[in-house]
């Protein structure tokens, strides 16, 4: 199986964020469970890992298909960035070659507590022989010195709803404090039998955008019916609005909308209705 594939070469011009865009990112980092807010000139390295519980397993064909979906999702994100003159580049790499990793129990998105989900990436790098996520990160940087952002996409041989575990200010892999056990890899977990009947490429791109700082725009405890109406009016094709039941749409029918691009720091100016889409304060304690 191919180990690494570049999902994008140079796209467009690197832009400088205006003060308004910077204020948008500052607000987001101060008021939410925010994600890493990838810089417009980022070189993103994606590591892909496959896990399963005893009694199940991944075939080589399944792994290759899932890997290709990550490449497609990242290429779509980068192509969307081109609309905002954002230069994203990077590669998708198999984290442990074509070998899957076994765990006694893979956390369930709904039933597991946040710590169980947060430590999934930590447990993976430990099984690979690294001391912790920081050790893995430093090793990766030595081998890929051009890397500016790193994320992990985990595929689990199990039924469940996908989720993202995002950077929260002081405990990211590249944060400055001296407690390496508290540093973790931003990651998403995609179940091979998802509860959402959607194009897997759409699910991957949606969850990865959470790692970049995007918020959901469908009805839940942090996003009201009134906000859903606003989002539906202005952003009907947004990939962050959620999956429509029984509508298996390809990723080509979605977009990274103007509000989300502003949150990501890709869009230079805000509009008054952007501020109507702020998630609720409970977002601070939520893992998607």
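Structural remarks
- As a proxy for reagent exposure, ranking 271, 117 by other Cβ atoms within 10 Å from fewest up yields 271, 117.
- With neighbours defined as other Cβ atoms within 10 Å of a residue's Cβ, the residues 138, 69, 221 order from fewest to most as 221, 138, 69.
- Placing a pseudo-label 7 Å from each Cα along the Cα-to-Cβ vector at residue 60 and residue 41 gives an inter-label distance of 4.2 nm.
- From least to most packed, judged by other beta carbons within 10 angstrom and beginning with the fewest, 135, 187 follow the order 135, 187.
- Three-way shape call for the stretch 42-150 based on the alpha-carbon gyration tensor, with the a/c threshold at 1.5: prolate
- Note on residue 105 and residue 275: their simple-model spin labels are 4.6 nm apart, each label 7 Å out from Cα toward Cβ.
Only the coordinates and a few stated rules stand behind these numbers; no lab work does. Only a predicted model underlies this, so the values are computations on that prediction, with no experimental measurement involved. FYI the Cβ positions are ideal-geometry reconstructions off the backbone, even for glycines, and counts take in every protein chain you see.
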